[in-house]
Amino acid sequence: MQQYRSPRWLPGGNAQTIWPALFGQRHRGPRIAFRRERWTTPDADFIDADWLGEDTTAPLLVMFHGLEGSTRSHYAQAFADWARRHGWRFVMPHFRGCSGELNLAPRAYHSGDFEEIGWMLGQAKLRHAGPIAAVGVSLGGNALLRWAEEAGGTASATAKAVAAISSPIDLAAGGHAIGRGFNRLVYTRMFLRTMKPRALAKLAQHPGLFSREKLLAARDLYEFDNVFTAPLHGFRDTDDYWARGSAKPHLARIHIPALVLNALNDPFVPGSSLPRAHEVGERVTLWQPTHGGHVGFPGGRWPGHVMTLPEQVMGWLARHL
């Protein structure tokens, strides 16, 4: 993947982000049928986890989705298909509110939610006897790395290896990048189109939780996080959330094999914000190909597929089990 190059018919980071998500082939076999299981959280809320496979002794891939993602996301289906074809079990626990049903507690999810990641990994381990590897995509990848950092030497008791794909491990750099120019016009609007209604539903569920007027006035993720994400999850404001939630400053604390994959032409994650080899610990591997976009990495002839990504990432993870 370090040497990955996009097909000639799909040039540029935005095209390599948008086209694969909309049109790329996601699986080689029949449509993937997940089995849903509901986990009750310690604060009397719930997490919906989608499973594939029944063999509790096979390797298990635990996958964490990105902002507003789910098992309907192109990358989730591509990784689940890889697991199905290689005899692995698969589970994706949805972050709160992302499974299609509003969660109950006065909170949602965020990029630095390492305690929630740890709890979900623990629930997966309770239900599985074989070795576990974890992959996080975008927001989910940053949160997964934060868990590995905080867990330190105890992480290996739960997961043997982790991978973060297209993750904004410098949240401030990523947050400011998505709030400018084409990104603001396209990606910011796309995210706020679902995030605002979900936040307003949370306000109806818990009146007085935040200012409705300020939320409606938010025009980018910085403003949205200032009104909703930061205060609901114990941060002073967006700047505090982005600083404390970022995985980049703590990568040297990771004690298990960790892959950090970012394309240098990712529209959301500036290449200048990515770590260099001397900034990470010896267990961290950096893949920074020139092409790929944001969770794109398309392959094949037109209209292309998104299966190169799981083939490469899972090949790396499998070697560390």
Exercise. What lysines could a cross-link reach from Lys196, if we take a straight Cα to Cα line under 18 Å and drop same-chain neighbours fewer than 8 places away?
Worked result: Lys214
Exercise. So which GluC sites (Glu not before Pro) in segment 214-321 pass both tests, a DSSP loop state and at most 13 other Cβ atoms within 10 Å of the Cβ?
Worked result: Glu282
Problem set entry | Portion, in percent, of the accessible area of the chain that falls on carbon or sulfur, probe 1.4 Å | 53
For this session: Check cross-link reach from Lys248 to the aspartates and glutamates: straight Cα distance under 16 Å, and skip same-chain residues fewer than eight apart.
Result: Asp113, Glu149, Glu150, Asp170, Asp239, Asp240, Glu279, Glu282
Exercise. Amide H neighbours of Ala247 under 5 Å, counting only residues 5+ apart in sequence or on other chains, H built in-plane at 1.01 Å?
Worked result: Leu171
Problem set entry | Modelled label reach - Ser272, point 7 Å along Cα→Cβ, segment 166-180 residues with backbone N closer than 19 Å | 168-180
Exercise. Counting only residues 5 or more places away or on other chains, whose amide H sits under 5 Å from the amide H of Thr41 once H atoms are built in the peptide plane?
Worked result: Phe46, Ile47
For this session: Name the long-range amide H neighbours of Ala164: under 5 Å, sequence gap of 5 or more, or other chain; modelled H, no Pro or chain starts.
Result: Gly136, Leu259, Val260, Leu261
Problem set entry | trypsin sites (Lys or Arg not before Pro) restricted to segment 255-321 and DSSP loop, no more than 13 other C-beta within 10 Å | Arg276, Arg301, Arg319
Exercise. In nanometres, what is the gap between the two model label sites at Trp39 and Arg193, each 7 Å from Cα along Cα-to-Cβ?
Worked result: 3.1
Exercise. Fully extended, how many nm does the chain gain between Ala201 and Arg244 (0.36 nm per residue separation, minus their Cα-Cα distance)?
Worked result: 12.8 nm
For this session: Would you mind calculating the gained length between Arg301 and Thr57 on full extension (0.36 nm times residue separation, minus the Cα-Cα distance), in nm to one decimal?
Result: 84.1 nm
Exercise. Could you give the dipole magnitude of the chain about its Cα centre, charging the beta-carbon of Lys and Arg +1 and that of Asp and Glu -1, in debye to the nearest 20?
Worked result: 880
Exercise. Within segment 71-110, what residues put their amide N at less than 12 Å from the label point 7 Å along the Cα-to-Cβ vector of Arg28?
Worked result: 81-87
Exercise. If you average the sequence gap of Cα pairs under 8 Å that are 6 or more apart and divide by the length of the chain, what percent do you get for the contact order?
Worked result: 26
For this session: Write down the accessible area per residue of segment 173-321 in Å², having rolled a 1.4 Å probe over the full set of protein chains.
Result: 45
Problem set entry | Heavy-atom surface of segment 3-139, accessible at 1.4 Å and reported per residue (Å²) | 41
Problem set entry | Share, in percent, of DSSP beta bridges within the chain that are antiparallel, nearest 5 | 35
Exercise. Per the helix-only calculation at 222 nm, which mean residue ellipticity applies to the chain, given -39500 (n - 2.57) for every DSSP H run of n ≥ 4 and division by its residues, nearest 500 deg cm²/dmol?
Worked result: -9500 deg cm²/dmol
Exercise. Given (i) 18.4, 52; (ii) 19.6, 63; (iii) 21.2, 67, which label gives Rg and Dmax of the Cα atoms in Å as computed from the coordinates?
Worked result: (i)
Problem set entry | Backbone HN-Hα couplings from phi across segment 78-93 [Karplus 6.51/-1.76/1.60, Hz, Gly and Pro as x] | 5, 6, 5, 5, 4, 4, 4, 6, 10, x, 8, 8, 9, 8, 10, x
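The values are calculated or read from the model by the stated rules, or taken from the named source; none is laboratory data. This one's a predicted model, so the numbers in the text were calculated from it and none came from an experiment. Virtual Cβ from ideal backbone geometry, glycine too; neighbours counted across all protein chains shown. In case anyone asks, the SASA skips ligands and DNA or RNA and just uses the protein heavy atoms, side chains included. Shrake-Rupley method; radii C 1.70, N 1.55, O 1.52, S 1.80 Å.
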